[in-house]
Amino acid sequence: MSKQVIIIGGGIMGLCSAYYLKKEGCEVTVIDQSNMDGGASYVNAGYISPSHFISLASPQIISKGIKFMFNPSSPLYIKPRWDPEFLKWCLAFKRSANKAKVERSIAVIKDINLLGRALYEELKASQQFDFHYERKGLLMCYKSDKAGEAEWKVGQRGIQEGLGVRHLNREEVLAMEPHAQLDVKGAVYYDCDAHMTPNNFMSEMKSYLESIGVLFYKNERVIDIHVSHGTIHEVLTEKQSFSADEVVMAAGSWSPSIMKKLGLKLPVQAGKGYRIDVHEPTGIQYPAILSEAKVAITPMDGFTRFAGTMELSGINHSIHPERVEAIANAVESYYQKVRIGPENKSAAQCGLRPITPDGLPFIGKSARCKNLTIATGHAMMGWSLGPATGKLVSEIITHQNTTLALEPFSPDRRF
């Protein structure tokens, strides 16, 4: 008998969970509070990134965070505010940001990213989809020797982990990017990475899921969840009620507020990121991260996306012009031919990334609720880890051996 599954959240985690659950014969319903056409799953850099194997919760982030936190134009901005949950999260983040924990998480992060890449390539090869996908690698571009040394130190660790990494001098970078007039000293190149155009994939996946019987309820906010004896019996929205055998929590940065209805505290904070799209030709051929500025560049299907910043300011979609300007200025500083006009800046959008205290996502069940599977907290790797998370969710719910060990992702882990 097939299981009835409700997925709360229609972003990349929700859709990928629906895809793999449907493959296992489940009947799937997706509920989302939005129209499912915006947010972090649509405005991200589109990276599939095995290169990002260093946890966000690292000692370097702590030192940089203190330096940046009061500067609204900095790559990392923490809005000072009195919020007990946020302060608890900050303390947990600080405890997690140590060398030993970072070291233990490297293989975990690398392996789930490699699984995500393999599954994207499997989806592409299935001929059920026609989304944009290119595996051209990633350039970590730097202007200063200090930044170059730091990037190469990480690159050397990537080599130890079996990834393809090369240190390129200025001339080698310009040979790869002959049309963009990059002003850099060099770059560390990861050939293991790929990139996509998020809107393409999200649109195609929604259409495909609808065609195979997945039900979507858009613009419906979950207002309550009824639990008895550790089991969810009913999910209520503003418009109706739903019941199912299993529930998947994939609501991103909104997951903690919904989880409170279950009496569960999920330590997740929203990290706002911005993006600027330029449809005019830029000459940029390779995805790149501008090391000093922490800005991501992606040549997408028909346009170039410039994305960046991490803003910890709670749940809001306010666009701060100084942060948009900071991205544009960084791009123009590195790419001498690129100009980002006022119309591009005024069309900038943002999305909220769900961030855990230790930089690892929550994937799995909590001992507090038998039929709830949690899939959130992917921070800046959400796009990269979508299919991997969806597959793990389906394996959990259908009682299969999981492709990866779940202990590092446990929602009940201590910080």
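The values are calculated or read from the model by the stated rules, or taken from the named source; none is laboratory data. All values derive from a computational prediction rather than experimental measurement. Neighbour counts run over all protein chains shown; Cβ positions are idealised from the backbone, glycine included.
Tabulated values for the structure
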| read-out | value |
| --- | --- |
| Number of the condition not met by S410 [criteria: (1) hydroxyl-bearing (S, T, Y); (2) surrounded by 22 or more Cβ atoms within 10 Å (Cβ to Cβ); (3) within 24 Å of I61 (Cβ to Cβ)] | (2) |
| Residue under evaluation T402, criteria (1) closer than 19 Å to E246 by Cα; (2) touching a helix residue (DSSP H, G or I) at 6+ places or on another chain (Cβ under 8 Å); (3) in contact (Cβ under 8 Å) with a residue 12 or more places away in the chain, criterion not met | (3) |
| In region 28-62, the residues that are over 16 Å from the mean Cα position of the chain (by Cα) and under 16 Å from P357 (Cα atoms) | S58, P59, Q60, I61, I62 |
| Failed criterion for S74 (all others in (1) polar (S, T, N, Q); (2) at pLDDT below 90; (3) assigned to a helix (DSSP H, G or I) hold) | (3) |
| Residue that is under 18 Å from S49 (Cα atoms) and not polar (S, T, N, Q), where the choices are P387, P411, P357 | P387 |
| Residues of region 20-40 that turn out to be farther than 20 Å from M259 by Cβ and either crowded, with 24+ Cβ neighbours inside 10 Å or β-branched (V, I, T) (or both), as a count | 2 |
| Residues of region 245-273 classified as out of contact with any Pro (no Cβ under 8 Å at 6 or more places or on another chain), of a type in the set (K, R) and modelled with pLDDT under 95, total | 2 |
| Residues (surrounded by fewer than 18 Cβ atoms within 10 Å (Cβ to Cβ) and assigned to a helix (DSSP H, G or I)) located in region 125-150 | A125, D145, K146, E149, A150 |
| Selection from region 160-188 of residues that are surrounded by fewer than 15 Cβ atoms within 10 Å (Cβ to Cβ) and either of a type in the set (V, I, T) or in a helix (DSSP H, G or I) (or both) | Q160, R170, E171, E172, A175 |
| Residues of region 7-37 satisfying the condition of being assigned to a helix (DSSP H, G or I) and either hydrophobic (A, V, I, L, M, F, W, C) or at pLDDT below 95 (or both) | I12, M13, L15, C16, A18, L21 |
| Qualifying residues in region 124-154 (those that are free of Cβ contacts under 8 Å to residues at least 60 places away in the same chain and out of contact with any strand residue (DSSP E or B) (no Cβ under 6 Å at 6 or more places or on another chain)) - the one nearest to G164 (Cα to Cα) | K153 |
| Some residue of region 247-269 being crowded, with 18+ Cβ neighbours inside 10 Å, in contact with a helix residue (DSSP H, G or I) (Cβ under 9 Å, 6 or more places away or on another chain) and closer than 21 Å to H132 by Cβ | no |
